[in-house]
Amino acid sequence: MKQLLKDIIIDQKSFLPSKKTIIRSFSEKYLNNEEIIIISGVRRCGKSVLLQQIRDRLPQKDYFFNFDDDRLGNFTVENFQQLYEVFIELYGEQNYFYFDEIQNIVGWEYFAKRLYNSGKKVFITGSNARMLSKELGTYLTGCYIAIELYPFSFSEFLDFREQQHLLGDISGTIARGEIQSAFNDYLKQGGFPIYLKSEDGIVLKTLYDNILYKDVMVRNQIVNEREVKELVYYTVSNIGKPLTYTSLAKVIGVKNSTTVKNYLEYIENTYLLFSLSKLDYSVKAQLRNPKKVYAIDNALVSRLGFHFSGEEGRLLENMVYIELRRRGGEIFYHNSGSAECDFVVRDGFRVMQAIQVCYLLDSSDTREREIRGVQDAMDTYHLLEGTIITNTHEEEVKYGDKMIHILPAWKWLHL
C-alpha cells in the first residue's frame, strides 16, 4: 500500500489547474486559524481549484492527496497512518494537509481530528453534504469551519469572460445594455466552470449522470432508477412550486411518501437540489407544510431537457435562491394564506430580508400581486424595507414609512 500511495502522490503532484482559473472568494482568516476547514459543494463547482489556490497562498503545500482515484478501492481509515508516513518520507515533516474528495473514505474524521489535536492545519473538500451530518458534527464540534462552494457567481462569471469592467461605470445606455446582455447569458448558462469552458451540453449530461448514479443511486444502494430520475425531472420542471411528499409519491408511482422523502434527502446531499420550507414558528407545522425545490445551477435546468412554464421567471427565481444561499442566512418562503413572498431570510431568530422575484412586472395585476406579497412579509416580520427582483424594471415604491426597492437582477447581484 505504501508504494501505491507514493506513486499516487507523485502522480497527483504533477496536476496543475488550467491556465484560465478564476480566483474564488476565500477569507484570509481561514488560512492560519486552528480549525479544520471543510469545503463542500456539488461536483465540478471548483472545490479542487480552490484547494490549489489555498495551497499557493501557504508556505507548505506538499501534503496534498486526492481520494477520488480508482487505485484507492482498498484504502480504509487504517491506511491514513501509512499515508502520513509516506508524506514524511517524501517531503519531511510539514504542518499543512490538503485532502480532496475525502468523503470517499469512511472514518476520515478520526484522522482529521488526530491531526487537529497535534496542531496540524487541515483543509478538506468533499461533494456530499453528509460530510457535515449531525454525527460527524458532534465528533468534530469546535474543531472545524464549514464552507459551501457554489458554481460561479455573476461577478465570477464576468471575470471568467473577461468582462469584469462591466461592473464599473454603468450610468450610460450602452453600459447598461452590455451588462444586461451578460446577465441574460448568465441566467441560462449558469456558473459551472466546466460547462462555461466548452458550452457543450454533453459535459452537463455527464456531470448530471455522475451525480445521479454515483452519488445518489450507488452510494445509497437504490435499485429503482426510474423513480429517482422521474423525481428529479418533476421537481426541476416545477421549480419554486409548493410540493408535498404525498403528491410527489403519486407522480412517480411509489406507495410510501417516506420513500420520496428519503430520495430527496439523498439528492440534496449531493447539492443537486435543495428544498425550501415555509417559515413557521411551529416546527411541526414547518415540517408538515409543502416544500419548494430549487436546483444548483440554471444550466442544468435549461440545458438538459427540463421543461416548465414561464421559463425565464423560474430561472430567475432559481438563480436568486442560489445567490441567497451563497450569501448565507436561513432561507424560507412566506405564505400567510392571503399573500406569498418568495424568500424571507432569517439571521438567528429575526427575519432580516423579504425578497420577491418577478421577471416581468408587465401588467397591473402582476404588479399588485408582487407588491402585496412583499408588503405582507414586511408587515409580518416588521421590516422597513423589502425587495422585488426583476429582469429590467427599476423603481421605488413607498407606503407609509416603508420602502420597496424594485431593481434589475444584475444590480441586486452587484450589491
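Computed from the coordinates by the stated procedures, all read-outs in this text should not be read as laboratory data. All values derive from a computational prediction rather than experimental measurement. Neighbour counts are summed over all protein chains in view; Cβ atoms, including those assigned to glycine, are modelled from backbone coordinates with ideal geometry.
Can you give the % of DSSP beta bridges in the chain that are antiparallel, to the nearest 5?
Working: 20 of 46 bridges.
So the antiparallel bridges amount to about 45 percent of the total.
List, largest first, the extents of the alpha carbons of region 183-337 along their principal axes, each in whole Å.
For region 183-337, the Cα extents along the three principal axes come out at 46, 37, 28 Å.
With n ≥ 4 as the cut-off for DSSP H runs, can you work out [θ] at 222 nm for the chain, using -39500 (n - 2.57) per run divided by the number of residues, rounded to the nearest 500? Write out the running numbers ahead of the final one.
Numbers: 17 runs with 174 residues, N = 415.
Calculated mean residue ellipticity at 222 nm is -12500 deg cm²/dmol.
Would you please classify the overall shape of region 2-148 from the alpha carbon gyration tensor, given that a ≥ b ≥ c denote the square roots of the eigenvalues, rounded means a/c under 1.5, and beyond that prolate means a/b larger than b/c while oblate covers the rest?
Values: a/c = 1.25, a/b = 1.04, b/c = 1.20.
The shape class here is rounded.
Dipole magnitude of region 1-108 about its Cα centre, charges +1 at Lys/Arg Cβ and -1 at Asp/Glu Cβ only, in debye to the nearest 20? Please list the in-between numbers first.
Values: 14 positive and 16 negative charges, 129 e Å.
Here the size comes out at about 620 debye.
Read phi for every residue in region 163-171 and hand back ³J(HN,Hα) as whole Hz from Karplus 6.51 cos²θ - 1.76 cosθ + 1.60, θ = phi - 60°, with x for Gly and Pro.
10, 4, 4, 5, 8, x, 7, 10, 7
So what's the net charge close to ASN210: Lys and Arg +1, Asp and Glu -1, counting the other residues with Cβ under 13 Å from its Cβ?
Working: positive: ARG43, ARG44, LYS205, LYS214, ARG219; negative: ASP68, GLU101, ASP209, ASP215.
Computed value for this residue: +1.
Quick check on the exposure proxy: order PHE154, PHE26 from fewest to most C-beta atoms within 10 angstrom. Working shown, then result.
Numbers: PHE154 21, PHE26 17.
Going from least to most buried by this count: PHE26, PHE154.
List the equivalent ellipsoid semi-axes of region 201-260 in whole Å, largest first, each obtained as the square root of 5λ for an eigenvalue λ of the Cα gyration tensor.
On the way: eigenvalues 91, 50, 13 Å².
In descending order, the three semi-axes are 21, 16, 8 Å.
Name the long-range amide H neighbours of VAL122: under 5 Å, sequence gap of 5 or more, or other chain; modelled H, no Pro or chain starts.
Under 5 Å from the amide H of VAL122 lie the amide H atoms of ILE37, PHE97, each far enough along the sequence or on another chain.
If a/c stays under 1.5 just call it rounded; otherwise compare a/b with b/c (prolate if a/b is bigger, oblate if not). Do that for region 310-415, with a ≥ b ≥ c from the square roots of the Cα gyration tensor eigenvalues.
On the way: a/c = 1.42, a/b = 1.07, b/c = 1.32.
Cα axes put region 310-415 in the rounded bin.
Could you give the angle, 0 to 90 degrees to the nearest 10, between helix 311-327's Cα long axis and the longest principal axis of the Cα atoms of the chain?
50 degrees
Quick one, which of (1) -0.68, -0.92, -1.03, -1.23; (2) -0.62, -0.92, -1.08, -1.38; (3) -0.55, -0.84, -1.00, -1.33 is the actual log10 I(q)/I(0) by the Debye sum over Cα atoms at q = 0.09, 0.11, 0.12, 0.14 Å⁻¹ calculated for this model?
(2)
Pairs LYS229/LYS261; LYS29/LYS188; LYS229/LYS255; LYS6/LYS197: which are spaced more than 23 Å apart, C-alpha to C-alpha? Each step should come with its number before you reach the end.
Working: LYS229/LYS261 14 Å; LYS29/LYS188 34 Å; LYS229/LYS255 17 Å; LYS6/LYS197 33 Å.
In this structure, LYS29/LYS188; LYS6/LYS197 lie more than 23 Å apart at Cα.
What's the ranking of 157-169, 240-252 by average number of surrounding C-beta atoms within 10 Å, highest first?
Working: 157-169: 14.9, 240-252: 16.8.
The packing order, highest mean first, is 240-252, 157-169.
Lys/Arg Cβ at +1, Asp/Glu Cβ at -1, dipole of the chain taken about the Cα centre: which of TYR96, LEU315, ASN128 is farthest positive-ward?
Among TYR96, LEU315, ASN128, the one farthest towards the positive end of the dipole of the chain is ASN128.
For GLN353, enumerate residues with amide H under 5 Å from its amide H, sequence gap 5+ or separate chain, H modeled in the peptide plane.
So GLN353 has HN proximity to VAL345.
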